[in-house]
Amino acid sequence: MQRRSWAEPFKIKVVEHLRMTTRAERERAIVEAGYNTFLLRSDDVYIDLLTDSGTSAMSDRQWAGMMLGDEAYAGSANFYHLESAVREFYGYKHVIPTHQGRGAEHILSRSCIKPGDFVPGNMYFTTTRVHQELAGGQFVDVIIDQAHDPGSEFAFKGNVDLDKLARLIERVGARRIPYLALHATVNMAGGQPISMANAREVSALCRRHGIKVFLDATRAVENCYFIKTREPEYADRSLAEILRELCSYTDGCTMSGKKDCLVNIGGFLAVNDDDLADAARNMVVIYEGLHTYGGLAGRDMEAMAIGIHESVQYDHMHARIGQVQYLGEIIEREGVPIVRPIGGHGIFLNALEFLPNMPREQFPAQALAAALYVDSGVRAMERGAVSAGRDPETGKNSFPQLELVRLTIPRRVYTQAHMDVTAESVVALYQQRARIVGLRFTYEPKHLRFFQARFGPVEGDRVLRDQDPP
Ligand SMILES: *Cc1c(COP(=O)(O)O)cnc(C)c1O
């Protein structure tokens, strides 16, 4: 069949210069950063695939919206624009802005979770789980088993396992479960979507037991693209219609606007329940700001409102996911092990297969991310044992089944040529994988350790040797 390419539904008006570095400069930079890509200076990075969070390019319309910022302390016009965009596209009644997603997670967790409660979710997310634990809750993973298998081709690997959920309800009782956290798409599983059918069934089961469902809507529109392309009955529905239906199965959402909503900062909590909204508004003034700005400038809320409108356009999402798939297909063609099927926001290298001889205690994904930076200046992120942290009860490292390096694609920022350069570096490293050296901690923070941890090579003083070992 003749190939019909996707292409961006925009052209470039402003360019941002990048600094090109030499390998010697990158060797120095990664040592200074303690082999942690989070601690690199962005000036030393060529193609930054650390995260798709807050790294999107805003449109000319969003920048124009910034000039319409109403910086009144109370009742900013931009708040009402944001509120009506969330009501129109997500369908929730009450909208409470927060500085970013974790601000909404903090308020939701503190408002709903009592010490000793259990909070099921389709896989953990780092900040989400910490807020649940700080509120006294215990996260319980109820994602389907296929999600933990990087080779499974199942189309909706983000789905909730209804049997696991039912067993949890039976074991601890519905009264100890304030809500289920439903992630769409599932970041830690490789950007894997949930199906509409699953959301509908989860919602029905939870409602029967009086358990609320809160959506992590951070990448829900990306999830809707997968529903449209993989769940036949939705093929002819618009992304906006699919999003409204998905949200209708839930009682509210936490949102990091830094992803789907195409802004550099911002988030919100949205809920239908009047009492919960009151409680959340009481708490937002303490931790974020007045309930009509929640830690954001008026202009930030305006940009987010416009970004919500842009995010549900099919051509935008087709190009967004198309670019991710383009990168994944080149890497995969060369035999590099990645998580299948290719997900929504990035390519996830399977570090356990990439470096099969490296012990898990030497953090293969962390080492691979550091080596990739040294090779080409591409910055990726570890999503494996370092991110998973220690078991809160035993204090031991938890080694999740997935040990991944995430190449996350910012929205509307990089070109196809950048994707080619990235793929070529990954493939070159795969061919030279025997040169990659494992890492050990030299500094380990207590919470969310992946952000600030420092490492050193387990032998020698480099993470990427010049030659294969003898
Ligand atoms: C980024 C993210 C969050 C947290 O949002 P922040 O804006 O970074 O605080 C929560 N859930 C998921 C799935 C995310 O990707």
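The values are calculated or read from the model by the stated rules, or taken from the named source; none is laboratory data. None of these values were measured; they are calculated from a predicted model. Cβ placement follows ideal geometry from the backbone for every residue including glycine, while neighbour counts extend to all protein chains displayed. All accessible areas refer to the heavy atoms of the entire protein, side chains included, with ligands and DNA or RNA removed. Shrake-Rupley method; radii C 1.70, N 1.55, O 1.52, S 1.80 Å.
Our note on the geometry: Cα centres of the range 232-294 and the range 392-470, 33 Å apart. Heavy atoms of the protein chains alone define the surface here; on that basis the chain has 42 Å² accessible area per residue at 1.4 Å probe size. Note on the chain: Rg/Rh from Cα positions, Kirkwood definition for Rh, rounded to two decimals, is 0.96. The spacing between the range 119-141 and the range 179-222, judged by their C-alpha centroids, is 14 Å.
In the chain, a dipole from Cβ-located charges (positive for Lys and Arg, negative for Asp and Glu) runs towards its positive end, and of HIS99, LEU407, VAL140 it is VAL140 whose Cα lies farthest in that direction.
Between the amide H of LEU215 and those of LEU182, ASP251, GLY252, CYS253, THR254, distances stay under 5 Å, these residues lying 5 or more places away or on another chain, with hydrogens modeled in the peptide plane.
Summing charges over neighbours of GLY190, with a neighbour being any other residue whose Cβ is under 10 Å away from its Cβ, gives +4 when K and R count +1 and D and E count -1.
Ellipticity at 222 nm from helices only: DSSP H runs of n ≥ 4 in the chain, each -39500 (n - 2.57), divided by the residue count, give -12000 deg cm²/dmol. The accessible area of ASP275, taken with all protein chains in place and a 1.4 Å probe, comes to roughly 120 Å². Note on exposure: TRP6, TRP63 ranked by accessible area (1.4 Å probe, complete protein assembly) read TRP63, TRP6, with the most exposed listed first. Here the spin labels are modelled as points 7 Å beyond Cα on the Cα-Cβ line, and at ASP315 and ALA434 they lie 5.1 nm apart. For LYS13 and ASP43, a Förster radius of 30 Å and the Cβ-Cβ distance give a FRET efficiency of 0.80, rounded to the nearest 0.05. For the chain, the relative contact order works out to 23 percent when only alpha carbon pairs closer than 8 Å and six or more residues apart are counted. Multiplying the residue separation of ALA197 and VAL285 by 0.36 nm and removing their Cα-Cα distance gives an extension gain of 27.9 nm.
Principal-axis analysis of the Cα atoms of the chain puts helix 220-230 at an angle of about 80° to the longest axis. Extension gain for ALA235 to ASP163 (0.36 nm times residue separation, less C-alpha to C-alpha distance): 23.1 nm. By its C-alpha gyration tensor, with a ≥ b ≥ c as the square roots of the eigenvalues, how is the range 60-311 shaped: rounded for a/c under 1.5, else prolate for a/b larger than b/c, else oblate? Oblate, since a/c reaches 1.5 and b/c is not below a/b.
Between the beta carbons of HIS209 and PHE399, assuming R0 = 30 Å, the FRET efficiency works out to 0.35 to the nearest 0.05.
For VAL413, what accessible area in Å² do you get when you roll a 1.4 Å probe over the heavy atoms of the protein chains, rounding to the nearest 10? Its accessible surface works out to 60 Å², give or take rounding. Multiplying the residue separation of VAL427 and ASP149 by 0.36 nm and removing their Cα-Cα distance gives an extension gain of 97.8 nm. With contacts taken as Cα pairs under 8 Å and at least 6 residues apart, the range 265-342 reaches a relative contact order of 18 percent.
Computed on the range 60-311, with alpha-carbon pairs under 8 angstrom and 6+ residues apart, the relative contact order is 32 percent. Ligands, DNA and RNA left out, the 1.4 Å accessible surface of the range 60-311 is 51% carbon and sulfur atoms. Spacing of the modelled spin labels on ARG23 and GLU170, each 7 Å from Cα toward Cβ, amounts to 5.9 nm.
Taken about its Cα centre, the range 60-311 carries a charge dipole of about 520 debye when Lys and Arg each add +1 at the Cβ and Asp and Glu each add -1 at the Cβ. Based on the alpha-carbon gyration tensor of the range 134-205 and its eigenvalue square roots a ≥ b ≥ c, which shape applies: rounded if a/c is under 1.5, prolate if not and a/b is larger than b/c, or oblate? Note, shape of the range 134-205 comes out prolate. Ranking PHE399, PHE139, PHE348 from most to least accessible surface, computed with a 1.4 Å probe over the protein chains only, gives PHE399, PHE139, PHE348. Legend: residues LYS258, LYS11, sorted from most to least accessible area (1.4 Å probe; ligands, DNA and RNA excluded), read LYS11, LYS258.
Under the simplified labelling scheme, the THR415-TRP63 pair shows an inter-label distance of 1.8 nm, with each label point 7 Å from Cα along Cα→Cβ.
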